[in-house]
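The values are calculated or read from the model by the stated rules, or taken from the named source; none is laboratory data. Remember, predicted model here, so these are calculated numbers, not experimental data. Neighbour counts run over all protein chains shown; Cβ positions are idealised from the backbone, glycine included. Just the protein is used for accessible areas: all its heavy atoms, side chains included, with ligands, DNA and RNA removed. Shrake-Rupley method; radii C 1.70, N 1.55, O 1.52, S 1.80 Å.
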Amino acid sequence: MENYYDCIIIGGGIAGLQAAIQLGRYCHQTLVIDSNDGRSNLCNRYHNLLGWPEGVSGEELRLSGKKQAMRYDVQFVADYVISAAKQDQGIILNTKSGECYQCKTVLLATGIKDHLPSFPELIGCLGISVYICPDCDGYEVKDSRVIVIGRGEAGANLACTLIHWTKDVVYVDEEMKVLPTKTKRKLQELELTYKNEQIEKVFVEEKSQFKGIELQSGEVVYANHCFLALGGNKVQSHLAEQLGVYTTENNHVLTNHRTKETNVENVWAAGDLVAHSEQAAVAMGEGVQAAIWIHKRLLV
């Protein structure tokens, strides 16, 4: 049947590509549908992955992963899945371009959409001098001044977390609301600099080196590193919900911890879509884990 596959992977990020490689090596007919706007496209350098001591960009990982999967006859299409439904003949997927695909099993690897500030010049800095995840990149600001651009308690909590690596933290709260007394007291106890003010502009050198910000008051704050904690990240779980998959209160998908299968038979999930620590290494592990159990199901 045309457009029918053993497995369709929705999302060609870290988890999706790792699963594709594994399923290709099992010789299953596998298709990856990717809209090419996932968060791994934005990371210019992952610093904490085994085998990459100097770091590796998301683009490089994605390109090499796609080439590796294609060696095993995995197919790729650039498109966006707008609807998913289970029917007697399997799972039906409809895309933005008007295509309809069918498969016996599906892996959801649609990830998270980050809430980024409205300064496009920061995009080239992501992963190099501007960061989102302290677990990934806290070490990069060790003993250095760092500006946290955030909102409310999300930004305050990140600023406090960074104290593990550096004492010179400036938290700029763009939300401009009154923080709870307990939170303000914690910032004071840790001797963090707190500014409740909008940012007028950011300073970047050579497209990737963050240098500081100018506040609306005209004050300029210099630093070579910045963390973002604006909250409001969007978990891309709409397809999971269409299929009847259970999700958490914050919209992450629930899976079997061993198999990564959801509560809906033949529907798996992996990567940042699933409730975990949002690490590239974890996404790889979940991708291959899901693929192993998809293979077992396809043998039945």
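Would you confirm whether any residue within segment 253-271 is open to solvent by 70 Å² or more (accessible area, probe 1.4 Å) and farther than 30 Å from ASP88 by Cα? The answer is no; no qualifying residue exists.
The residue of segment 71-95 that is farthest from VAL32 (Cα to Cα), among those that are without any contact (Cβ under 8 Å) to a residue 40 or more places away in the chain and open to solvent by 70 Å² or more (accessible area, probe 1.4 Å), is ASP88. Looking at segment 172-188, is at least one residue under 29 Å from GLY38 (Cα atoms) and not in a loop (DSSP other than H, G, I, E, B)? Checked segment 172-188: at least one residue is under 29 Å from GLY38 (Cα atoms) and not in a loop (DSSP other than H, G, I, E, B).
Among the conditions (1) at pLDDT below 95; (2) open to solvent by 60 Å² or more (accessible area, probe 1.4 Å), the only one that PRO117 does not satisfy is (2). Evaluate segment 43-60: report whether one residue or more is out of contact with any Phe, Trp or Tyr (no Cβ under 7 Å at 6 or more places or on another chain), under 30 Å from ASN263 (Cα atoms) and either among the hydrophobic types (A, V, I, L, M, F, W, C) or open to solvent by less than 60 Å² (accessible area, probe 1.4 Å) (or both). So far as segment 43-60 goes, no, none of its residues is out of contact with any Phe, Trp or Tyr (no Cβ under 7 Å at 6 or more places or on another chain), under 30 Å from ASN263 (Cα atoms) and either among the hydrophobic types (A, V, I, L, M, F, W, C) or open to solvent by less than 60 Å² (accessible area, probe 1.4 Å) (or both). Is there a residue being under 20 Å from ALA281 (Cβ atoms) and not assigned by the TED database to the domain that holds ILE132 anywhere in segment 69-83? The answer is yes; a qualifying residue exists. Restricting ASN250, ASN224 to residues that are in the same structural domain as LEU49 (by the TED database) and open to solvent by 20 Å² or more (accessible area, probe 1.4 Å) narrows the list to ASN250.
For segment 1-34, a residue qualifies if it is small (Gly, Ala, Ser) and either outside any loop (DSSP other than H, G, I, E, B) or at pLDDT below 95 (or both), and the qualifying residues are ALA15, GLY16, ALA19, ALA20, GLY24. Give segment 234-285 a look and list any residue that's assigned to a helix (DSSP H, G or I) and either farther than 19 Å from CYS43 by Cβ or of a type in the set (Ser, Thr, Tyr) (or both), or say none. If the condition is that a residue be assigned to a helix (DSSP H, G or I) and either farther than 19 Å from CYS43 by Cβ or of a type in the set (Ser, Thr, Tyr) (or both), then HIS238, LEU239, ALA240, GLU241, GLN242 are the ones that fit.
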